[in-house]
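Everything on this sheet refers to the single structure shown next.
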Amino acid sequence: MDHHPRIASDRVLNVTILPTAQEASAAVAEKILSAVRANPAAVLGLATGQTPRRVYAALLDAVAAGEISFADATTFNLDEYCGLPASHADSFAAYMYRELFGKADFRPARINLIDGAAADNEVEAARYARLLAEHPIDLQLLGIGTNGHIGFNEPGALPAGRVQTVKLSEETLLANQPTLIELKQVPAHAITMGIGDILAAREIVILATGPAKAEAVRRSLQETPDNACPASHLSTHSNVHWFLDEAAAGLLQR
Ligand code: F6R
């Protein structure tokens with residue numbers, strides 16, 4: 001595996017570039033598996049979207065092969081669309097059960113999801129923030145938006161931000177439109193863990209694949225941290241590992 005440590009501000013960043021999305025996803029899955037092997041009761045922060053699908057498939061292969069159990073792991077998802085109950089096909093909760101939870105031995109009592117259909121979003125955000133405070137995340141998995149968002153922390157989000165309701169950017173609405181199953185339109189709002197919650201994780205693993213992510217990856221890795229590119233704040237964390245395919249790494253100065 002090809003490791004490319006880079007210097008961003010005063011830190012060495014861990015960047016692994018692999019030829020294909022499949023290989024980058026397998027490497028990310030291996031990070032998660034080794035974290036859970038080392039600590040079966042690990043607290044995992046999980047993401048949805050197109051990017052982690054191959055990672056979750058690889059985790060399920062390991063489960064099917066009897067190599068790992070997630071029975072003692074605790075999970076927290078990054079975000080959820082407002083207005084959607086977990087039973088809605090387009091909710092991130094439903095995605096997680098389709099892609100991972102429903103096919104492995106995760107215990108429902110240890111799965112933490114944001115309730116998109118909560119009567120009061122502020123009360124729901126506070127409930128989730130309390131749970132996070134009680135269960136510090138050991139390993140946080142992230143994808144990245146074409147605009148550099150992490151979770152649904154859109155450009156302009158503050159690095160100290162905590163769980164909150166946000167309005168999705170036009171770019172995110174457009175990017176997520178093709179992923180809809182039943183809805184005609186992407187919900188305008190979401191509840192997301194804040195950048196501060198993400199940076200509180202002990203370890204962060206971020207996966208970016210495909211040419212559409214190349215500019216956001218370049219800004220995050222090779223420009224000074226700036227609120228205009230939320231993922232650039234990751235370079236202030238002492239234990240973050242980027243996994244890229246060649247396409248997502250295409251604009252990096254090497
Ligand atoms: C998903 C999330 C988002 C995605 C990002 C990339 O829970 O928080 O930040 O990681 O929008 O999405 P994909 O992987 O679909 O390109």
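The values are calculated or read from the model by the stated rules, or taken from the named source; none is laboratory data. A quick note: this is a predicted structure, and the numbers were derived from the prediction, not measured. Methodologically, a virtual Cβ is constructed for each residue, glycine included, from the backbone with ideal geometry; neighbour enumeration extends over all protein chains shown. We work out accessible area using only protein heavy atoms, side chains counted, and drop any ligands, DNA or RNA first. Shrake-Rupley method; radii C 1.70, N 1.55, O 1.52, S 1.80 Å.
Order of 174-182, 162-170 by packing, highest average Cβ count within 10 Å first? Spell out each step's value before the answer.
Values: 174-182: 13.2, 162-170: 17.4.
Sorting 174-182, 162-170 by mean packing, highest first, produces 162-170, 174-182.
Based solely on its DSSP helices, what 222 nm [θ] is calculated for the chain when runs of n ≥ 4 H residues each add -39,500 (n - 2.57) and the sum is averaged over all residues, nearest 500 deg cm²/dmol? Write down the numbers at each step before the final one.
Numbers: 7 runs with 73 residues, N = 254.
Per the formula, -8500 deg cm²/dmol.
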I need the Debye-formula profile for the range 2-245: one equal scatterer per C-alpha, no solvent, reported as log10 I(q)/I(0) at q = 0.14, 0.16 1/Å, two decimals. -0.89, -1.20
Exceeding 28 Å between C-alpha atoms, which entries from my cross-link table qualify? They are Lys103/Lys167; Lys167/Lys213; Lys31/Lys184. Lys103/Lys167; Lys31/Lys184
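Please give the peptides 216-222, 118-124 ranked by average Cβ packing (other Cβ atoms within 10 Å per residue), highest first, as a rough proxy for protection.
Values: 216-222: 21.4, 118-124: 13.6.
Result, highest mean Cβ count within 10 Å first: 216-222, 118-124.
Between Leu158 and Glu30, what length in nm is gained on full extension when 0.36 nm per residue of separation is reduced by their alpha carbon distance? Walk me through the numbers before you get to the answer.
Values: separation 128, 0.36 × 128 = 46.08 nm, distance 3.12 nm.
Answer, rounded to one decimal: 43.0 nm.
Keeping every protein chain in place, order Arg110, Arg254 by accessible area at 1.4 Å, biggest value first, i.e. largest first.
Numbers: Arg110 75, Arg254 150 Å².
The ranking, largest first, comes out as Arg254, Arg110.
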Could you do me a favour and compute the accessible area per residue for the chain, 1.4 Å probe, result in Å²? 43 Å²
Computed over the Cα atoms of the range 1-128, what is the convex hull's projected area averaged over all directions, in nm²? 9.8 nm²
Please sort 137-143, 206-212 by packing, taking for each peptide the average over its residues of neighbouring beta carbons within 10 angstrom, highest first. 137-143, 206-212
Whenever you get a sec, compute what percent of the accessible area on the chain sits on carbon and sulfur atoms (1.4 Å probe). 53 percent
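Note the direction-averaged projected area, equal to a quarter of the hull surface, for the Cα convex hull of the range 146-198, in nm². Please list the in-between numbers first.
Numbers: hull surface 14.5 nm².
It is 3.6 nm².
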